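First the structure, in the form of structure tokens, and then the observations on it.
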Amino acid sequence: MFGLGKIKKHPLFLKLLINSYAPYLGAGVRVTDMDMEAGRVRVEMPLTRVNRNYVGVHFGGSLYAMVDPFLMLILLHQLGDDYVVWDKAASIDFITAGRGRVHSVIQIDPAEVVLIRQLAASGQPVYRTYPVEILADDGKLVAKVEKVLYIRKKR
């Protein structure tokens, strides 16, 4: 039987759910590629009148929101139901103004997942820090996000 829990974890359903999430719809954020088995998500956001700030460039909150949940979602999928994964901390460094469509590829290497399993085997919390880049369509770096995740094996 294919229960609701399994459906929610299905990548196509998850992509549809995220792309229909009201804050993402409003900001124009869209997941364009989601391969949870490979641990990779590509997300993009155009510059619109809704996500533009006072000076006419991307609102910083929308830039951060664009990449916010994906490291956690990838790890939850990769590690499975025996692990807890939470966002612990984050910072964003704005490098240059986002004046058009921006995108980010968020990915976790399979070797990292193996390392996390080893570190969490004792049941102690594991804190991992991941950089995420937000790029303009021309490849120019718009912002760097650093996310700290709390991971542990469930008791």
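Computed from the coordinates by the stated procedures, all read-outs in this text should not be read as laboratory data. Since the model is a prediction, treat every value here as computed from it, not as a measurement. Note: ideal-geometry Cβ built from the backbone for every residue, glycine included; neighbour counts use all protein chains shown.
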Taking the Cα atoms only, what angle lies between the long axis of helix 70-79 and the longest principal axis of the chain, rounded to 10 degrees? 20 degrees
What residues have an amide H closer than 5 Å to that of G98, excluding those fewer than 5 places away on the same chain, when H is modeled at 1.01 Å from N in the peptide plane? H58
Furthest towards positive pole of dipole, G139, S122, V85, structure part segment 59-155, Cβ charges: S122
Cβ-Cβ cut-off under 12 Å around H103, Lys and Arg +1, Asp and Glu -1: the net charge is -1
Quick one: length gained pulling N53 to L17 fully straight, 0.36 nm per residue minus the C-alpha distance? 10.3 nm
Based on the Cβ-Cβ distance from A97 to E146, what FRET efficiency comes out when R0 is 22 Å, to the nearest 0.05? 0.65
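I'd like the FRET efficiency for A121 and R42, computed as 1/(1 + (r/R0)^6) with the beta carbon distance as r and R0 of 25 Å, rounded to 0.05.
0.20
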Can you compute the helix-only [θ] at 222 nm over the chain? Use -39500 (n - 2.57) per DSSP H run of at least 4 residues, normalise by all residues, nearest 500 deg cm²/dmol. -9000 deg cm²/dmol
Tell me the label-point distance for the pair V114, D138, using the 7 Å Cα-to-Cβ offset, in nm and rounded to one decimal. 4.1 nm
Using only Cα atoms and rounding to the nearest 10 degrees, what angle (0 to 90) does helix 110-120 make with the longest principal axis of the chain? 50 degrees
